[in-house]
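Student: Okay, here's the structure, questions in a sec.
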Amino acid sequence: MAEAYAKHFAKLYKKNIEVFSAGAKPEKEVNPLVIEVMKEEGFDLSGARPKGLEEIPLKEINLIITLCDHASETCPYIPGVRRLHWALPDPAKIKSEDALSEIRKIREEIKARVEELIKSL
């Protein structure tokens, strides 16, 4: 979700930035409910897949944002790289009967935070 919004807002606000999304221990697939709630916003994540840190150019990174506590705990320290932590629930772990509603709330929080961040760059 964050990657899709970051790319969208970077284009909208004409920010020349590259966006990567990865995790130290990525899930096997994107939660289908995440795909569903992002489709509601016009983003097609059906072809997306979780990526590991080894798949992104860590030496080119100048900002890392961790979105859940587990990510914050497992994200490697990279000297000289600014780091932000947004303690949000991990959509991959939500299994409740009201999961769709919970993931929509997370989506809206991510959307707002990402937009504010991109505008500030």
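Student: Considering segment 51-74 alone, what residues qualify as being within 16 Å of VAL19 (Cβ to Cβ) and in contact with a Lys or Arg (Cβ under 8 Å, 6 or more places away or on another chain)?
Tutor: Once the filter is applied, which keeps residues that are within 16 Å of VAL19 (Cβ to Cβ) and in contact with a Lys or Arg (Cβ under 8 Å, 6 or more places away or on another chain), segment 51-74 yields ASN62, LEU63, ILE64, ILE65, THR66.
Student: Kindly check whether there is at least one residue in segment 73-84 that is surrounded by fewer than 18 Cβ atoms within 10 Å (Cβ to Cβ), outside any loop (DSSP other than H, G, I, E, B) and hydroxyl-bearing (Ser, Thr, Tyr).
Tutor: yes
Student: Which residue, of PHE9, PHE43, is over 18 Å from LYS93 (Cα atoms), modelled with pLDDT of 95 or more and assigned to a loop (DSSP other than H, G, I, E, B)?
Tutor: Result: PHE43 is the single residue among PHE9, PHE43 that is over 18 Å from LYS93 (Cα atoms), modelled with pLDDT of 95 or more and assigned to a loop (DSSP other than H, G, I, E, B).
Student: Condition first: among the polar types (S, T, N, Q) and either surrounded by 15 or more Cβ atoms within 10 Å (Cβ to Cβ) or in a helix (DSSP H, G or I) (or both). Now tell me which residues in segment 46-72 satisfy that.
Tutor: Listed by number, the residues that qualify are THR66, SER72.
Student: What pairs come out if I take residues in segment 85-111 that are touching a residue at least 24 places away in the same chain (Cβ under 8 Å) and pair them with residues that are crowded, with 18+ Cβ neighbours inside 10 Å and hydroxyl-bearing (Ser, Thr, Tyr) whose C-beta lies under 9 Å away, six or more apart or interchain?
Tutor: Short answer, once both residue conditions are applied: TRP86/THR66; ARG107/TYR5; ILE110/TYR5; LYS111/TYR5.
Student: Now a separate question. Output the residue which, of all residues in segment 85-108 that are acidic (Asp, Glu) and part of a loop (DSSP other than H, G, I, E, B), is nearest to ALA22 (Cα to Cα).
Tutor: If we take residues in segment 85-108 being acidic (Asp, Glu) and part of a loop (DSSP other than H, G, I, E, B), then ASP90 is nearest to ALA22 (Cα to Cα).
The values are calculated or read from the model by the stated rules, or taken from the named source; none is laboratory data. The shown structure was predicted, so the numbers you read here are calculated from the model rather than taken from an experiment. FYI the Cβ positions are ideal-geometry reconstructions off the backbone, even for glycines, and counts take in every protein chain you see.
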